[in-house]
Amino acid sequence: MIRPARASDLNFIKSSFFESSRDSAVAASMTPELYRRRWTSLVDRLVARYGVTVLADDESPDVILGWMLHDGAHLVVYVFVREDFRRQGHARELLATLPGAKVYAFRTTNWQRASSRLAPRLTYDPTVAWAEFGAPK
C-alpha cells in the first residue's frame, strides 16, 4: 500500500535516512557526534521541506517497507527500501507515483546498478539538498 507519511512514521524515516548514510564519505570525514548533529539537522529540514510517500505492508499498514522523499512533481530527493525488501520492485513502485520526475539521490550502495534497474531517467546529484540547506559540516 502506498500512502502519505504519517506523524507516527517520522521517527523511522529519519532514523533510516540517518543510518543509511552512516557509511558515506561525508560521515567518515566527521566525528560520530558531529555527524549525528549535522546529519540529523539536515534530515529534519529535508523532511519538513519535502513530502514523504510510504510503501507500507498491505496487511499491516503501520509496517513501512520503504519511503520516498520528494517534492510531489519533479524532484525525488531520496528513496529508501528496507534491506529485506530490496530487489523486489519496491523502489520502482514508489518512483512510479511520480512518472515525470527526475530522481536525485544522496547515496546508493551501487548507483550504476540501481539506476539501470530502476529507470533510465535517473540523474545522480549528491548536492541537491546541500544547495538549498548547505552541506553537512
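Annotations
- Residue list for the stretch 4-21, filter: surrounded by 13 or more Cβ atoms within 10 Å (Cβ to Cβ) and not in a helix (DSSP H, G or I): ALA5, ARG6, SER21
- Single match in VAL43, VAL52 (criterion: in a strand (DSSP E or B) and under 21 Å from GLU83 (Cβ atoms)): VAL52
- Flag if LEU98 is part of a loop (DSSP other than H, G, I, E, B), of a type in the set (A, V, I, L, M, F, W, C) and either touching a Ser or Thr at 6+ places or on another chain (Cβ under 7 Å) or farther than 14 Å from ARG3 by Cβ (or both): yes
- Matching residues in the stretch 58-91 - criterion: being assigned to a loop (DSSP other than H, G, I, E, B) and in contact (Cβ under 8 Å) with a residue 40 or more places away in the chain: ASP58, PRO61, ASP62, ARG82
- Leading residue by the ranking (surrounded by the fewest Cβ atoms within 10 Å (Cβ to Cβ)) among those in the stretch 33-76 that are polar (S, T, N, Q) and over 17 Å from ALA96 (Cα atoms): SER60
- Sole exception among (1) surrounded by 19 or more Cβ atoms within 10 Å (Cβ to Cβ); (2) more than 16 Å from the chain's Cα centre (by Cα) for MET30, by number: (1)
We did not get these values from a lab; they are worked out from the coordinates using the rules stated. What you see is a predicted model; the values in this text were computed from it and never measured. So basically every Cβ, Gly included, is an ideal-geometry build from the backbone, and we count neighbours across all protein chains shown.
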